1. Is it the case that segment 268-291 has a residue that's assigned to a helix (DSSP H, G or I), in contact with a Ser or Thr (Cβ under 8 Å, 6 or more places away or on another chain) and surrounded by fewer than 17 Cβ atoms within 10 Å (Cβ to Cβ)?
2. With the condition kept exactly as written, say whether any residue in segment 28-36 is outside the structural domain of Gly277 (by TED's automatic domain parsing), surrounded by 23 or more Cβ atoms within 10 Å (Cβ to Cβ) and part of a helix (DSSP H, G or I).
3. Take segment 286-305 and flag every residue that is in contact (Cβ under 8 Å) with a residue 60 or more places away in the chain and under 20 Å from Arg254 (Cα atoms).
4. Mind counting the residues in segment 425-459 that are part of a helix (DSSP H, G or I), open to solvent by less than 70 Å² (accessible area, probe 1.4 Å) and more than 29 Å from Gln478 (Cβ to Cβ)?
5. Under the condition of being out of contact with any Phe, Trp or Tyr (no Cβ under 8 Å at 6 or more places or on another chain) and over 13 Å from Lys414 (Cα atoms), which residue from segment 376-398 is surrounded by the fewest Cβ atoms within 10 Å (Cβ to Cβ)?
6. I need a count of the residues in segment 495-518 that are crowded, with 22+ Cβ neighbours inside 10 Å and either out of contact with any strand residue (DSSP E or B) (no Cβ under 8 Å at 6 or more places or on another chain) or of a type in the set (Phe, Trp, Tyr) (or both).
7. Quick one: Thr128 ticks every box in (1) surrounded by 16 or more Cβ atoms within 10 Å (Cβ to Cβ); (2) β-branched (Val, Ile, Thr); (3) within 29 Å of Ala401 (Cβ to Cβ) except a single one, so which number is it?
8. Among what's in segment 477-494 and is over 18 Å from Tyr509 (Cβ atoms) and surrounded by 13 or more Cβ atoms within 10 Å (Cβ to Cβ), pick the residue that is farthest from the chain's Cα centre (by Cα).
Amino acid sequence: MKAERIDGILFEAMLRQGAVNLERHRQAVNDLNVFPIPDGDTGDNMYMTISAGTQELSGKEHSISRVSSSAARGMLLGARGNSGVILSRLFAGIARGLDGKDEAGVPDLCDAFSLGVREAYDAVSEPTEGTILTVFREGVSYAEDRVSRESTAESFFDDFLLELRRSLERTPDLLDVLRESGVVDSGGAGFVCIAEGMKSALEGSAAEEAEMETQGAASARIDFSLFSEDSVLEYGYCTEFLLRLQRSKGEIERFDLSGLVSYLNTIGNSVVAFREGSIVKVHVHTMTPGVVLNHCQQFGEFLTLKIENMTLQHSERIAENRDPLRKQAPHKRYGIIAVASGSGIKNLFSSLGCDAVIEGGQSMNPAAEDFIRAFETINAETIFVFPNNGNVILTAQQAAALYDKARIIVLESKTIGEGYAAISMLDTNEENTEAIIGEMEEIIAGVKTGSVSQASRDSQLDGFEICSGDYIGFCGKQILSDSPEKPKAALSLLERMNAGESDILLMIYGCGTQETEARSVYDAVTKLYPRTETIMIDGGQPIYDYIFVLE
């Protein structure tokens, strides 16, 4: 039977099957990495983003408007990386096009998908063709042009998917770096996987249930020894739930979300709450989850509920990303947030005066909701955010757009070096915010950051014949050195970067580098560049064996 119209139940099945199909292929999408190093994360980011959307769905909603808006809101908060942000905005546009509709026919799909194109392009200040944007736009345009009176939702998706695949194959013709690397665009490939899953659900294929990972992390076995008979509850409980407002308990239209948030702030912190129709999502850290639940149950009933003992789950990552329960910080004019990975680098940023350091970086991009939680812990009028990774900037900007309790300024630092240099010079006593922004942008533009990492595959890039297992040194998107020996690759990189012309060289070695080797490289650097002040730091970062910051 051909599907003439799509309701909420079917659309949810399509979204879930899209996520399932992407999960099956996400490593293959990750591997479509321009640089031949193990930092590809597009598949992970897109999967975690769409999963954040499907986790908002109940399986019982018949309105496609409500399903699409709930999924879109979840994706906006759960978006990770540039590809995830674009995916979330794409579905936000689709949701806008389906607003108010219980079912969608082919004309509705055309309108909604066109709005998806517009919303996704608007999310990127300088759209690049040959990416997921191109693939989606060309797929929509082709499917729209072939719509007729006889068209069904299935025929629309047949045409849509056909052109998605053809457009994906053309992406290397639009981006030289893809052609040189011998790959197609990873974001486009990820969306093709989602569309294939959506089409299979539309055709009636049984949706396979996948164990969706909360925030993309596989469930781990709980070590109950972390909370013994003598333990003291230090950090409270991370409490999250979906609440369906009930007419039997009050007038839904008069429900006061701001009043609920104010109340939750009196018995907890890290409060994030928003409403979609009659569903309210709440996140709060509190010592008394029972009090929270009792209070909220007077307005409705719980659809989902999760309470986690944060002392039991206390680990380095949780301690830094799910801030422990604490009193409201003193009010101040400016706050600072940085993104970093590696204990040494995170400590470095904390020592510079950052109010929060969000765990993340290449291959572990934080979600928009991670930023919002950090915003909640800082009692400041203006919060400066340093993403320190080009793939995190859009997520930070999306979180800033969703937050209205403070002015959020995202400084577009693309490397750890840019963030370090800017924060180390940030004067929070300066009252002219615009002057601070201008100074930070000038500092960021004047910093050079180089990295060394091990090649994961054979490749030919920037004139180098790279063999799997080699160490490559690069600055920005350009490879500057290649050697089977890590120290040689590092020293050659510094030579190509004209390290001797810099006043300060920050040398950060990663978790894959022994201190003895790092010390040897440091000694060689100080001899080669005696007028440059060289500082060595044990950063503990993954992927990058060395990060060099030149000021």
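1. The answer is no, given that none of the residues of segment 268-291 is assigned to a helix (DSSP H, G or I), in contact with a Ser or Thr (Cβ under 8 Å, 6 or more places away or on another chain) and surrounded by fewer than 17 Cβ atoms within 10 Å (Cβ to Cβ).
2. There is at least one residue in segment 28-36 that is outside the structural domain of Gly277 (by TED's automatic domain parsing), surrounded by 23 or more Cβ atoms within 10 Å (Cβ to Cβ) and part of a helix (DSSP H, G or I).
3. Let us first name the residues in segment 286-305 that are in contact (Cβ under 8 Å) with a residue 60 or more places away in the chain, namely 302-305.
Once the filter is applied, which keeps residues that are in contact (Cβ under 8 Å) with a residue 60 or more places away in the chain and under 20 Å from Arg254 (Cα atoms), segment 286-305 yields only Phe302.
4. 3
5. Asn379
6. Residues that pass the stated criteria total 1.
7. (1)
8. Restricting to residues being over 18 Å from Tyr509 (Cβ atoms) and surrounded by 13 or more Cβ atoms within 10 Å (Cβ to Cβ), the top hit is Asp482.
The values are calculated or read from the model by the stated rules, or taken from the named source; none is laboratory data. Please read these numbers as outputs of a predicted model, since none were measured by experiment. Quick reminder, even Gly has a Cβ in these numbers, built from the backbone with ideal geometry, and neighbours come from all protein chains shown. These accessible areas exclude ligands, DNA and RNA; they are computed on the full protein's heavy atoms, side chains included. Shrake-Rupley method; radii C 1.70, N 1.55, O 1.52, S 1.80 Å.
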